[in-house]
Amino acid sequence: MTLLGALSAPAMGLAQDYPSKPIRWIIPYPPGGTSDFLARLIGQKLTESWKQNVLIDNRSGANGNIGTEAAAKAPADGYTMLLVASTFTMNPAVYSNLTFDSEKDFAPVTMILWQPYLLSVHPSLPVTSVKQLIALARARPGAIDYSSGGIGNAVHIAAERFAAMAGIKLNHVPYRGVGLAIPALLAGEVQLMMASSVAVQPYVKSGRMRVLAVTGLKRIPALPAVPTVAEAGVPGFEEGNWQAVLVPSRTPRPVVNKLNQELVRIVRTPDVSEQIRRVGADVIANTPEEAAAIVKTDLKKYAEVIKALNIRLD
């Protein structure tokens, strides 16, 4: 046996036996959002196919940093997974005291989806289009409040980019998670917000929110009559949120590959992919290398964007 073969044999054996016990899946965001929806949907399928329980562990706080730190400190054996949103690539530019390295401490397994936000307003705001919103904001600088799940999170940054590109001033009102930001809009405490389709569609359908536009570059099947921000008045604007599965960086590559193969298979099944598309998202289900490349690109991109927007939490 060659030295390489001798070294790789234990890892291969681990992958063959994997999983032999329950898997903990850390979700560093509150229940009710896209990440929680995805983890419960896919986690159940993993449990069924591998005959091992997938235990959902919601550890929210600090834009996902609390749960992410817990995952970084977990054993690198494949029995702790982390589901992150694109906020993961923004936090290094917002926080100066992170105890983990977003690139070096994690190994991407796959990126599950990408989805745009819905630019939504309270029905009392007298606008029905992006152009009307911009006109009103220009007439009343800083008078329109928008909510987000916290300073420096993905929605905050998306809204500030929208305001900058539209040449308007909006007033940011941060809440402790999207679970509080949405009720704030419903109650009329704020007039505007960006949020995922899965989080706000029930309120849109009931008339408690009005959707002005989608923040991606194409319309979504669930709301075909709703234009994109780019076509509705801010050319070139695109913002959205991806969801990716990570594991601690020293997790054996055969285990990463086995996780990737099973997650990709599940996400591409008609049942799961249809549920993902139903909430306005695009299925990605890529390789570990492709997911890592996107993470690396976005770390650089958002470092520049956040610096330009002068967003800093500490």
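Considering only residues that are crowded, with 19+ Cβ neighbours inside 10 Å and at pLDDT below 95, which ones fall in the stretch 94-111?
Within the stretch 94-111, V94 is the sole residue that qualifies.
Give just the number: which of (1) of a type outside the set (K, R); (2) surrounded by 16 or more Cβ atoms within 10 Å (Cβ to Cβ); (3) modelled with pLDDT of 95 or more does A62 not satisfy?
Every listed condition holds for A62 apart from (3).
Among the residues in the stretch 140-151, are any modelled with pLDDT under 95 and among the hydrophobic types (A, V, I, L, M, F, W, C)?
yes
Please count how many residues of the stretch 15-63 are out of contact with any strand residue (DSSP E or B) (no Cβ under 7 Å at 6 or more places or on another chain) and of a type in the set (A, V, I, L, M).
Final tally of qualifying residues: 4.
Got at least one residue in the stretch 281-289 being under 16 Å from the mean Cα position of the chain (by Cα), part of a helix (DSSP H, G or I), modelled with pLDDT of 95 or more and in the same structural domain as P92 (by TED's automatic domain parsing)?
Looking for residues that are under 16 Å from the mean Cα position of the chain (by Cα), part of a helix (DSSP H, G or I), modelled with pLDDT of 95 or more and in the same structural domain as P92 (by TED's automatic domain parsing), one finds none in the stretch 281-289, hence no.
Tell me, which residue of the stretch 129-184 that is under 16 Å from the mean Cα position of the chain (by Cα) and on the phi > 0 side of the Ramachandran plot is surrounded by the fewest Cβ atoms within 10 Å (Cβ to Cβ)?
G177
Within the stretch 233-280, can you find the residues that are under 28 Å from D101 (Cα atoms), assigned to a loop (DSSP other than H, G, I, E, B) and either without any contact (Cβ under 8 Å) to a residue 12 or more places away in the chain or under 19 Å from the mean Cα position of the chain (by Cα) (or both)?
The answer is E238, E239.
Please specify each residue of the stretch 171-196 satisfying the condition of being polar (S, T, N, Q) and free of Cβ contacts under 8 Å to residues at least 60 places away in the same chain.
Answer for the stretch 171-196, where residues must be polar (S, T, N, Q) and free of Cβ contacts under 8 Å to residues at least 60 places away in the same chain: just N171.
Could you pull out the residue among A195, A159 that is in a helix (DSSP H, G or I) and in contact with a Phe, Trp or Tyr (Cβ under 9 Å, 6 or more places away or on another chain)?
Just a single option satisfies the conditions, and that option is A159.
V214: under 21 Å from P28 (Cβ atoms), outside the structural domain of K301 (by TED's automatic domain parsing), within 21 Å of the chain's Cα centre (by Cα) and crowded, with 21+ Cβ neighbours inside 10 Å, yes or no?
Spelling it out, it is not the case that V214 is under 21 Å from P28 (Cβ atoms), outside the structural domain of K301 (by TED's automatic domain parsing), within 21 Å of the chain's Cα centre (by Cα) and crowded, with 21+ Cβ neighbours inside 10 Å.
Working carefully through the options P75, P92, P123, find the one that is out of contact with any Pro (no Cβ under 9 Å at 6 or more places or on another chain), assigned by TED's automatic domain parsing to the domain that holds R40, touching a residue at least 60 places away in the same chain (Cβ under 8 Å) and on the phi < 0 side of the Ramachandran plot.
P92
Just to check your reading of the model, which residue among T269, T215, T251 is at pLDDT 95 or above, touching a helix residue (DSSP H, G or I) at 6+ places or on another chain (Cβ under 9 Å), of a type in the set (S, T, Y) and farther than 24 Å from N91 by Cβ?
T269
The values are calculated or read from the model by the stated rules, or taken from the named source; none is laboratory data. Given the structure is predicted, the values throughout are model-derived calculations rather than measurements. Positions of Cβ are generated from backbone atoms using ideal geometry, with glycine treated the same way; all protein chains shown enter the neighbour counts.
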